[in-house]
Amino acid sequence: MDRASLDRIDQGILAELTRNARVSHAELAAKVMLSRNAVRQRIDRMERQGYIQGYTVVTGAPGHGTVSAFLMVYRKDRVRGSDVIAVLQSIPEVVLCDVVSGDFDLLVRVEARSLERIREIWEQIAATPGVTDTVTAMTLSNYIRRDAAAKPAQPGNALDQAPLPVISPGA
């Protein structure tokens, strides 16, 4: 799903919702010069099409009072390890879970209110049937944190979504 396939008005609505998800339909309508009903219909359509995948509440200042860690998870069976992923999906503090290449199988980001909660989550994941080992890296500082809403995430191969480089003859 490429934002370039949306028209200028849809892109404007998405940009405004990315800046302020609480903006009213009336305010959006004024900004894109449509009726409130037309804006609502466009938002509904973009939700159905997956351009808008949800609305999130982030409490407090970014990173304030939050402890985060990355857990590298090793599974017994890389192919049939869906039970491990189901457990991860049930933990609300798991904010990211990617299947990765290399030595370990899953890269999991956990954001919690305390170090104690991170430890509890680590224990739960380590005790999950199918997990053979974990390695944990605590986040010390965060320099770049982009809003995922700016680029709608798509399941599957990220390489399929990347623009292809243009190669000039003779280069």
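The values are calculated or read from the model by the stated rules, or taken from the named source; none is laboratory data. Quantities reported herein were computed from a predicted structural model and do not represent experimental measurements. Positions of Cβ are generated from backbone atoms using ideal geometry, with glycine treated the same way; all protein chains shown enter the neighbour counts.
Residues in segment 72-119 that are assigned to a strand (DSSP E or B) and farther than 17 Å from residue 142 by Cβ: 72, 73, 74, 75, 94, 97, 98, 99, 106.
Scanning segment 1-26 for residues that are part of a helix (DSSP H, G or I), closer than 16 Å to residue 55 by Cβ and of a type in the set (D, E, K, R) yields 16, 19. Candidates are the residues of segment 94-127 that are surrounded by 18 or more Cβ atoms within 10 Å (Cβ to Cβ) and among the β-branched types (Val, Ile, Thr); the one that is farthest from residue 83 (Cα to Cα) is 118. Being at pLDDT below 90 and among the polar types (S, T, N, Q) is a property that residue 90 lacks. Within segment 72-93, the residues that satisfy the criterion of being over 14 Å from residue 107 (Cβ atoms), within 17 Å of the chain's Cα centre (by Cα) and surrounded by 12 or more Cβ atoms within 10 Å (Cβ to Cβ) are 91, 93. Residue count for segment 44-55, restricted to those that are part of a helix (DSSP H, G or I) and surrounded by 18 or more Cβ atoms within 10 Å (Cβ to Cβ): 1.
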